[in-house]
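The values are calculated or read from the model by the stated rules, or taken from the named source; none is laboratory data. Note that this is a predicted model, so its numbers are computed, not measured. Just the protein is used for accessible areas: all its heavy atoms, side chains included, with ligands, DNA and RNA removed. Shrake-Rupley method; radii C 1.70, N 1.55, O 1.52, S 1.80 Å.
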Amino acid sequence: MKHYQTAVIGCGAIHQNHLDAIADCPQADLYAVCDIDAAQGEKTAASANCKLFTSFDEVLEDPTIDVVHLCTPHYLHAPMAIAAMKAGKDVLTEKPMAMSIYETMDMVRAANETGRTLGVCFQNRYNYTSQHVKSLLDSGSLGKVLGAKALVTWGRDAKYYGQAQWRGTWQYEGGGVLINQAIHTLDLLQWFLGLPVSVAAQMSCYQLQDCIEVEDTAHGIFTFADGSRAIFYATNNYCTSSPIELEIVCEKAVLSLKDTLTIQYSDGRVEHSTETTLGEGEKAYWGLGHKKLIADYYACLAEGKPFWIDGPEASKAVRMIESIYRSAATGNRIPIPSPKDL
Ligand SMILES: NC(=O)c1ccc[n+]([C@@H]2O[C@H](COP(=O)([O-])OP(=O)(O)OC[C@H]3O[C@@H](n4cnc5c(N)ncnc54)[C@H](O)[C@@H]3O)[C@@H](O)[C@H]2O)c1
């Protein structure tokens, strides 16, 4: 079996999910971690018993490394991914793929030119309930989709934003609740229903203006090619991180996803499906899928197959978010460019 020597870049809040998934993955061997915070990196390297780099350039120069996992702040995803692919390494980056549509296009170009596999962590697509919704909608058995709603009501306070300087800034995070927290739900929405063609939205910073310069709340309406609409609301001001809520109204059933998936058929039948139990170290609001996604990514590498959450696919959520920001800034309905157009 082909084995890949792997380096995890950034040893902050999310990196342990990657280490655990790599440990469980038959094709991946953790070779190194990298963090510019030497103390943070040393702690991880000692407990994972792997090599430590304190500069990404050293990672790029090490020919042993086949794959890099980017668990770094948002502003580093595009430059690090492009440099790694040009250095001959495959890349799995945390969400968001990048901070702008143009950055995503540069990354896609680099993947095409180098032939490397670029994957993005939208692990909630691997939840059992998400997969069930997708297959029901794709089967056509529920009839036409009439509309949808997506709600993200999470809690992020000054302490959370104070933990890392990049958070809460346009320059380094690229936005607030939309690009960091709600992106998973926006991605699910477009995966289920297709990329909307336009959005009209508003946003504000209602509660956290003393510690962040970005939005803590946003809401709006997406319009799809067939004229149907999805409304969304996202905030970081709730007292807890509540399960996300997605409702999809179809001609023959209403699908309600809030941890449990409930399907209310128009003939009166009601079905419930639940997610499997949380793995150790998994936070419910992050979803359960890192292990599944990472195993799938390496299986694709080993089999020489494309990984399905690639640059063009993962850029769709960035396209939705950038269009929301433009709509909120201008007061206009903004078209959402598809990867096919731009
Ligand atoms: N998929 C999910 O559900 C999920 C959940 C949480 C975070 N994330 C994403 O993971 C990424 C990291 O988030 P986090 O909360 O772990 O951030 P964090 O601030 O906790 O950790 C980032 C780490 O990167 C290191 N770093 C910064 N610059 C570096 C550089 N040039 N080279 C090497 N290391 C560098 C920092 O020192 C820090 O240890 C973000 O993109 C975030 O959106 C995803």
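What a 1.4 Å probe finds exposed on the chain is 51% carbon and sulfur by accessible area, rounded to a whole percent.
Please label the shape of the range 188-277 as rounded, prolate or oblate, based on the square roots a ≥ b ≥ c of the eigenvalues of the alpha-carbon gyration tensor (a/c under 1.5 means rounded; beyond that, a/b larger than b/c means prolate, else oblate). It is oblate, given that a/c is not under 1.5 and a/b is not larger than b/c. Put simply, the amide H of C250, placed in the peptide plane, has neighbours under 5 Å in L146, L255, leaving out anything fewer than 5 places away on its chain. The amide H of E215, built 1.01 Å from its N in the peptide plane, has G176, V177 as neighbours under 5 Å, considering only residues 5 or more places off or on other chains. Between K95 and C121, the built amide H atoms are under 5 Å apart, and every one of these is 5 or more places off in sequence or on another chain. Whole-Hz Karplus values for the range 312-326 come out as x, 5, 6, 5, 5, 5, 5, 4, 5, 5, 4, 5, 5, 4, 5 Hz, taken residue by residue from phi with 6.51 cos²θ - 1.76 cosθ + 1.60 and θ = phi - 60°; glycine and proline positions read x.
When the square roots of the Cα gyration tensor eigenvalues are ordered a ≥ b ≥ c, the ratio a/c for the range 80-169 is 1.5 or more and a/b does not exceed b/c, which makes its shape oblate. The alpha-carbon positions of the chain define a convex hull whose volume is 135 Å³ per residue.
Normalised per residue, the accessible area of the chain is 43 Å², obtained with a 1.4 Å probe and no contribution from ligands, DNA or RNA.
Each Cα pair of the range 1-148 feeds into the Kirkwood radius, which the Stokes-Einstein equation turns, at 25 °C and 0.890 mPa s, into a diffusion coefficient of 148 µm²/s.
Which angle from 0 to 90°, rounded to the nearest 10, does the C-alpha axis of helix 101-114 make with the longest principal axis of the chain? Once rounded, the angle reads 50 degrees.
Identify all lysines with a Cα-Cα distance to K43 below 16 Å; exclude those on the same chain that are fewer than 8 residues away in sequence. Straight-distance partners of K43: K51. Within the same chain, lysines fewer than 8 places from K340 are excluded, and of the rest, those with a Cα less than 19 Å from its Cα are K316.
A full extension of the chain between K2 and S242 corresponds to an added length of 82.3 nm, given 0.36 nm per residue minus the alpha carbon distance.
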